[in-house]
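One structure below.
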């Protein structure tokens, strides 16, 4: 009777919804773990809203408070970010 050898264990899948401060920190915190990470957000950029008024008064450029999520996670091993608009079913 032959015994079946278990195949290689599949990594757990982690889905993080939202690329705000919490979502980005969770993604970066899990970067070294043996999990497959997917980050989902409606937008493809991270916006630091406390400085938004300075953009409105032309004290700062938009590029100084909004960064692409892919740029922020360029050194991370995440499978995302995947940015698609949410549509109600």
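Computed from the coordinates by the stated procedures, all read-outs in this text should not be read as laboratory data. Quick caveat, the model's predicted, so the values are computed rather than measured. Virtual Cβ from ideal backbone geometry, glycine too; neighbours counted across all protein chains shown.
Per 0.36 nm of contour for each residue apart, how much would the distance between residue 72 and residue 58 grow if the chain were fully extended, relative to their Cα-Cα spacing? Please report the intermediate quantities before stating the final value.
Values: separation 14, 0.36 × 14 = 5.04 nm, distance 2.43 nm.
Result for the pair: 2.6 nm of gain on full extension.
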How would you order 18-24, 61-67 from highest to lowest mean count of nearby Cβ atoms within 10 Å? 18-24, 61-67
The base-10 log of I(q)/I(0) that the Debye equation returns for region 12-83 at q = 0.16, 0.21, 0.22, 0.24 Å⁻¹, one scatterer per C-alpha, is -0.56, -0.83, -0.88, -0.99
For the residue 10, residue 40 Cβ pair and Förster radius 22 Å, calculated FRET efficiency rounded to 0.05 is 0.60
Footprinting exposure proxy for 12, 46 (fewest neighbouring C-beta atoms within 10 Å first): 12, 46
If you average the sequence gap of Cα pairs under 8 Å that are 6 or more apart and divide by the length of region 12-83, what percent do you get for the contact order? 38 percent
